[in-house]
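The structure under discussion appears below in the form of structure tokens.
The values are calculated or read from the model by the stated rules, or taken from the named source; none is laboratory data. Remember, predicted model here, so these are calculated numbers, not experimental data. Neighbour counts are summed over all protein chains in view; Cβ atoms, including those assigned to glycine, are modelled from backbone coordinates with ideal geometry.
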């Protein structure tokens, strides 16, 4: 800069006192950079002994200065030093005046925020998918004990996401369970009343509908979950604790896990396990892969305290896709059942056998019509065990989860061969699967 760096200046002073043969030449050099608070002592030498090329500035000294230089023991007297300081100050002022120097703010450099490539990708993913995530408020009707007035109070909240431009919102069933009214808040903070299109208690999935303008609805990209890998990076977006949209990241820490539905206890297979934080309020929110595509619905955590402990579960999108399609088209999910009630797995283990013990088989159900025997008591109060299902269509059944897993692969109207242990004998009984009574 012009203020901190000056060119080397040479002062060549010629002094004569009228005698043409007597002349003294002195050259002074200033360093290229110096401090404004401390002027370095100039280096002076006769021109005859200095070997560097000079560009002298010649001027004639008055007789008084000439005599002073001749009589002074040290040529750099205080008067001469003052002259040098004056010349240097003038040169510095001239350089600052002539140089193109901006305002003082030009010397303040604001460093640009630099993000890594993976950080930029995460920021872009959050910005692109946040408009698809909604906030759901569960309202319950309450009656005042004194005035008997009925009013609505929030009893829970959760997350959801826009499925299509028709206003369908997908979330967990336990988010809307027991609600008298539901409200959906979009990313732009606009709120709409929501109606329940349908739900699947067994898989903990529900579909809502809002009458919102299509320009406010941004469907989330739908991916696939069949080719997921452990260690793959995932992102969870939701509204934990009623806050605005938040993002948590992690990896897939396990695949093909099994959890039980919070509503019916029926097992949900092929669940995705992740260490991305899923706190209360994240339920129903989307789990995304690194490309921003939906791969699951955040539904549960494994924690005694109810806070995220690094083990969260998401329903795979391949399961959700089929459920949502049926709910949108028919308002219900048609799932086949055997029409039985069975004993807890621990009870069967105490008997020393492997299978599913039939406790009840209503006569109007598929199993009752096929002739499966329930558990009952005789006239003396003694317990007579019913049939114990050991396999279905040749697939071994050791507990209730195995039975549900096999039925999930069947359709309503299919005929299955149920092998049972009746007393000491094994029998094979054909059963025609039917839908649940409340879904027919």
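Things worth noting here:
- Number of the condition not met by residue 400 [criteria: (1) more than 30 Å from residue 169 (Cβ to Cβ); (2) at pLDDT 90 or above]: (2)
- Residue selected from region 338-351 under the condition outside any helix (DSSP H, G or I) and in contact with a helix residue (DSSP H, G or I) (Cβ under 7 Å, 6 or more places away or on another chain), by the criterion farthest from residue 371 (Cα to Cα): 342
- Scanning region 125-139 for residues that are out of contact with any helix residue (DSSP H, G or I) (no Cβ under 7 Å at 6 or more places or on another chain) and either in contact (Cβ under 8 Å) with a residue 60 or more places away in the chain or in a strand (DSSP E or B) (or both) returns 125, 126, 128, 129, 130, 131, 132, 133, 134, 135, 137, 139.
- In the set (1) under 41 Å from the mean Cα position of the chain (by Cα); (2) buried (at least 16 other Cβ atoms within 10 Å of the Cβ), residue 433 fails one condition alone, (1).
Quick grid of which residues meet (1) in a helix (DSSP H, G or I); (2) modelled with pLDDT of 80 or more:
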site	(1), (2)
229	no, yes
241	yes, no
272	no, yes
279	no, no
298	no, yes
307	no, no
326	yes, yes
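- In a residue-by-residue description of region 321-337, the property of being at positive phi and touching a residue at least 60 places away in the same chain (Cβ under 8 Å) applies to at least one position.
- Per this entry, residue 252 is not counted among residues that are part of a strand (DSSP E or B), modelled with pLDDT under 90, in contact with a strand residue (DSSP E or B) (Cβ under 9 Å, 6 or more places away or on another chain) and farther than 14 Å from residue 159 by Cβ.
- Region 405-436, subset touching a helix residue (DSSP H, G or I) at 6+ places or on another chain (Cβ under 9 Å) and assigned to a strand (DSSP E or B), residue nearest to residue 358 (Cα to Cα): 418
- When 233, 216 are checked against the criterion of being over 30 Å from residue 400 (Cα atoms) and free of Cβ contacts under 8 Å to residues at least 40 places away in the same chain, 216 stands alone in meeting it.
- Selection status of residue 397, in contact with a helix residue (DSSP H, G or I) (Cβ under 6 Å, 6 or more places away or on another chain) and under 19 Å from residue 352 (Cα atoms): yes
- Only a single criterion out of (1) surrounded by 18 or more Cβ atoms within 10 Å (Cβ to Cβ); (2) assigned to a loop (DSSP other than H, G, I, E, B); (3) within 43 Å of the chain's Cα centre (by Cα) is not satisfied by residue 402, namely (2).
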